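Take a look at the structure below.
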Amino acid sequence: HATDSKVGEVLLYYCYCEVKDPEKLCAWQKALCQHLHLTGKVRVASEGINGTVGGSKVATSLYIEVMLAQPLFKDVLCQDDFKSSAGGAHCFPDLRVGVFKEIVPMGIDPKIVSYKETGIHLSPQEFHREVEQYLSQASQGQSDTILLDCRNFYESKIGHFQGCLAPDIRKFSYFPSYVDENLALFKDKRVLMYCTGGIRCERGSAYLRSKAVCREVYQLKGGIHKYLEEFPDGFYRGKLFVFDDRYTICSNEDIISACRYCGTLWDQYKLCSSQHCRQLVLTCPSCRNKGLTACCPVCQDKELKVTSRASGQTLKEECECTRKRPRVPIEHISQRMLDAGK
């Protein structure tokens with residue numbers, strides 16, 4: 001049937017370049033997507049463009065063709081910068097194209113920390129070799145390297161590189177504070193960074209480099225997306241989280257996370273069933289059948305009480321999950337780091 005995920009595809013891409021008139025680019029982009037019946041999210045800023053769009057195979061290949069011909073991107077964007085996966089227009093509720101200050105929301109003015117100051121880009125093959133070397137050294141307890149996941153906790157929870165340091169942060173705009181609070185951790189280290197498609201590393205590595213404490217900063221070009229195309233059974237285990245209605249892409253059958261309630265292996269996210277909560281929860285089919293559909297007891301109770309409040313008010317309520325998580329976790333160089341190689 002039409003919504004079969006094999007029918008079309010979802011594209012993920014970004015391009016850093018100077019955009020003199022973001023409003024004009026935004027209008028052009030919106031018209032292009034509408035014309036091709038693409039849905040998704042596109043962020044435009046004076047520093048470039050970042051998008052994830054879904055549609056038919058014909059539409060997505062036309063989209064790439066037009067994007068590569070656009071004078072603004074002509075010399076900076078290439079075919080290989082587009083990551084594709086099975087999906088389609090049904091993966092997004094609608095089309096959103098807008099002008100923002102940054103094409104990836106790190107919360108630091110692009111004039112202060114520029115994408116031009118990034119780390120050294122490694123191809124999937126080079127990154128694979130680096131990780132291999134890191135894991136063998138770490139197992140002997142003598143690594144001078146940190147393998148850093150710069151995604152959010154709910155992304156790394158269901159899939160990550162073996163032996164990585166995965167910050168317990170809720171959004172990328174907390175990443176700079178995470179670096180500030182944990183600078184000692186990065187002192188004189190070689191840092192290997194990765195994210196979904198590479199874009200968070202562009203700004204994240206620039207931020208880390210601006211602190212001038214690391215020996216070297218490297219990043220995975222094309223992100224986990226490109227790595228999995230070449231190494232489906234490499235050092236990345238579990239699923240790849242994506243920001244659309246699919247939630248995940250899988251390259252191998254590994255499941256590395258568990259049901260929140262019974263602990264059985266499970267990695268399919270659902271939204272917490274409590275009305276105003278936007279947390280994702282891992283709850284397996286048998287626990288769901290028992291009615292365990294919220295992210296925490298607080299939300300589960302709240303749902304039973306069904307808010308007697310006037311329906312006009314939508315309050316984003318705090319729950320146990322958000323209360324317990326410090327905004328910026330401080331790493332204690334501990335057993336966790338020593339166990340990294342395992």
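The values are calculated or read from the model by the stated rules, or taken from the named source; none is laboratory data. Note that the structure is a prediction, hence the values are computed from the model and not measured. With ideal geometry, Cβ positions are generated from the backbone for all residues, glycine too; neighbour counts draw on all protein chains shown. These area figures cover heavy atoms from the full protein model, side chains too; ligands, DNA and RNA do not enter into them. Shrake-Rupley method; radii C 1.70, N 1.55, O 1.52, S 1.80 Å.
Here are some notes:
- Members of the stretch 283-299 that are surrounded by 15 or more Cβ atoms within 10 Å (Cβ to Cβ) and more than 13 Å from R260 (Cα to Cα): V298, C299
- Selection of the stretch 115-136 for residues being within 20 Å of the chain's Cα centre (by Cα) and open to solvent by less than 80 Å² (accessible area, probe 1.4 Å) yields Y115, T118, G119, H121, L122, S123, P124, F127, H128, V131.
- Whenever a residue of the stretch 289-300 is in contact (Cβ under 8 Å) with a residue 12 or more places away in the chain and part of a loop (DSSP other than H, G, I, E, B), its partners that are among the hydrophobic types (A, V, I, L, M, F, W, C) and crowded, with 18+ Cβ neighbours inside 10 Å, lying with C-beta atoms within less than 6 angstrom and at least six residues away or across chains, give the pairs A294/C272; C295/C272; C295/V281; C295/C321; C296/C319; C296/C321.
- Taken over the stretch 29-41, residues that are open to solvent by 80 Å² or more (accessible area, probe 1.4 Å) and either under 23 Å from the mean Cα position of the chain (by Cα) or not basic (K, R) (or both) amount to 4.
- Residues of the stretch 55-86 that are assigned to a loop (DSSP other than H, G, I, E, B), surrounded by 15 or more Cβ atoms within 10 Å (Cβ to Cβ) and either touching a residue at least 60 places away in the same chain (Cβ under 8 Å) or not aliphatic (A, V, I, L, M) (or both): Q70, F73, L77, F82.
- Test result for R96, over 28 Å from K187 (Cα atoms), basic (K, R) and open to solvent by 10 Å² or more (accessible area, probe 1.4 Å): yes
- Of the candidates V104, V97, the single residue that is on the phi < 0 side of the Ramachandran plot, modelled with pLDDT under 95 and in contact with a Lys or Arg (Cβ under 7 Å, 6 or more places away or on another chain) is V104.
- Meets criteria (of a type in the set (D, E, K, R) and over 22 Å from V242 (Cα atoms)) for E102: no
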